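One structure is given below, encoded as structure tokens.
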Amino acid sequence: MIQWRSLVGHDTNKELLSHAAQDGLLAHAYLFSGDMGSGKLDCAIQVAQYILCEASSKPCGQCTACRGVISHTYTDFRYAFPVELPKKQDGGAGRGITPEGWELLNEAVCQRLRSPYDPIPHYERSLPVDWIREIRTTVERGAVSGSSVVILIEGIDVLSKESANALLKMLEEPPENTHFILLCRSPERVLPTIVSRCQHMRFGRIPRVRILEELEKNSAASAEEIGHALALGRGSLGAARAACTEEHMHRLESVGRFTRILLGYGQEDELEQARALEKFVEEDLCRSYTTAHQVVLLFLEEFRIHFLTALRKEPDYILHEHDEMKMLCEQITVDQARTVVAVVEQVLESLRKHSPVLLAVSELFFKISELVYEEYRC
Ligand SMILES: [Zn+2]
């Protein structure tokens with residue numbers, strides 16, 4: 001049996017893994033798929049600890065192996081996930097990752113293993129092929145401290161072709177006593193040759209009541225904030241937790257400010273509106289791609305929740321209403337809402353490609369203004 005510690009929900013997966021562990025039938029390769037913050041990494045860490053743990057009741061969380069997994073210091077355990085390295089450190093063009101780059105990667109890995117529910121800032125970046133090759137040396141070397149090697153790799157759905165091939169080579173000739181736990185968000189984007197070598201487990205939505213219990217127990221957020229976090233979390237504990245943080249509240253304020261400008265509050269004419277927009281990009285988004293991406297994404301989420309509420313007339317669905325967003329949604333038809341979603345997606349894509357922040361946000365602004373204005377004329 002696996003002594004689960006922190007995993008909320010996913011009872012069927014826990015049971016399946018526990019039984020497999022009890023019968024000594026844990027697969028040599030698993031593919032865990034699920035949204036950000038669903039708990040798949042938390043689960044993978046505990047399975048890794050179970051395999052490596054030295055105690056009789058596993059995972060104990062206390063032995064050298066269990067602690068070494070979390071601190072990423074245990075020689076028979078390796079973890080990698082999508083991290084964006086500064087250009088200078090990522091090697092590139094076959095130059096290899098610099099020593100500073102490795103240091104940064106290790107720091108990021110330790111941070112992530114300690115907080116497995118936190119969002120990954122640059123999920124779309126593939127992990128460098130050098131990282132996969134480095135992991136391969138551990139696999140080829142075999143166990144040193146104990147009797148098994150556990151490799152945990154996240155972001156299998158965003159691997160570059162080169163990295164995916166390097167991984168495939170490891171999966172094709174798996175040495176004995178090596179366990180792979182691969183993690184992804186969109187299994188349909190994973191190479192079929194990788195999927196076919198793994199036992200696939202899906203991590204679906206966690207029931208709202210379980211997330212609610214968890215947030216009430218472990219967060220300082222108010223009932224109103226928790227209600228809002230539940231709506232935004234959409235069955236992901238990580239997303240719900242992230243929605244209770246101070247940074248999230250700041251981003252929420254930015255979304256409100258953007259929507260007010262969109263509706264023309266406090267501006268006499270279009271010129272003033274354009275100036276207000278520029279000031280917003282300067283002050284709230286600091287012309288940063290990451291901040292802009294987060295705020296635009298949150299705008300979409302807020303829009304979605306408010307629009308559905310307006311449509312379904314379910315006042316208890318959201319407890320933390322935003323007057324501006326409510327106003328905007330009341331003016332928009334279902335067809336226009338589809339256009340808004342499509343425009344936001346385009347803008348997110350241009351931000352990912354590093355198109356100038358002001359340009360991307362202006363595009364969002366003008367396209368939605370046009371819709372609202374159209375409605376006024378009707
Ligand atoms: Zn242990």
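The values are calculated or read from the model by the stated rules, or taken from the named source; none is laboratory data. From a predicted model like this one, the values you see are computed outputs, not experimental measurements. No Cβ is skipped: glycine too gets one built from the backbone with ideal geometry, and neighbour counts run over all protein chains shown.
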Pair list, Cβ < 8 Å and 6+ apart or interchain, from region 129-147 residues that are at positive phi to residues that are surrounded by 14 or more Cβ atoms within 10 Å (Cβ to Cβ) and assigned to a loop (DSSP other than H, G, I, E, B): 142/177
Filtering helices (runs of 4 or more DSSP H) wholly in region 42-141 for at least 3 residues that are small (Gly, Ala, Ser) and either modelled with pLDDT of 90 or more or more than 17 Å from residue 163 (Cα to Cα) (or both) gives 64-71
Within region 69-87, count every residue that is within 12 Å of the ligand (Cβ to nearest atom) and touching a Ser or Thr at 6+ places or on another chain (Cβ under 8 Å). 1
Among the residues of region 1-34, what is the count of those that are part of a helix (DSSP H, G or I), among the polar types (S, T, N, Q) and touching a Phe, Trp or Tyr at 6+ places or on another chain (Cβ under 9 Å)? 2
Which condition number does residue 4 fail, the rest of (1) more than 13 Å from the ligand (Cβ to nearest atom); (2) assigned by TED's automatic domain parsing to the domain that holds residue 133; (3) buried (at least 16 other Cβ atoms within 10 Å of the Cβ); (4) over 25 Å from residue 194 (Cα atoms) being met? (2)
If residue 35 satisfies every condition in (1) away from the ligand (no atom under 15 Å from the Cβ); (2) buried (at least 21 other Cβ atoms within 10 Å of the Cβ) but one, which is the exception? (2)
Among (1) of a type in the set (Lys, Arg); (2) out of contact with any helix residue (DSSP H, G or I) (no Cβ under 7 Å at 6 or more places or on another chain); (3) farther than 30 Å from residue 156 by Cβ, where does residue 205 come up short? (3)
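Could you pull out the residue among 160, 148 that is within 18 Å of residue 51 (Cα to Cα) and over 15 Å from the mean Cα position of the chain (by Cα)?
148
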Across region 38-68, what is the number of residues that are more than 22 Å from residue 107 (Cβ to Cβ) and more than 16 Å from the ligand (Cβ to nearest atom)? 4
Go through region 217-240 and count every residue that is out of contact with any helix residue (DSSP H, G or I) (no Cβ under 7 Å at 6 or more places or on another chain) and in a helix (DSSP H, G or I). 8
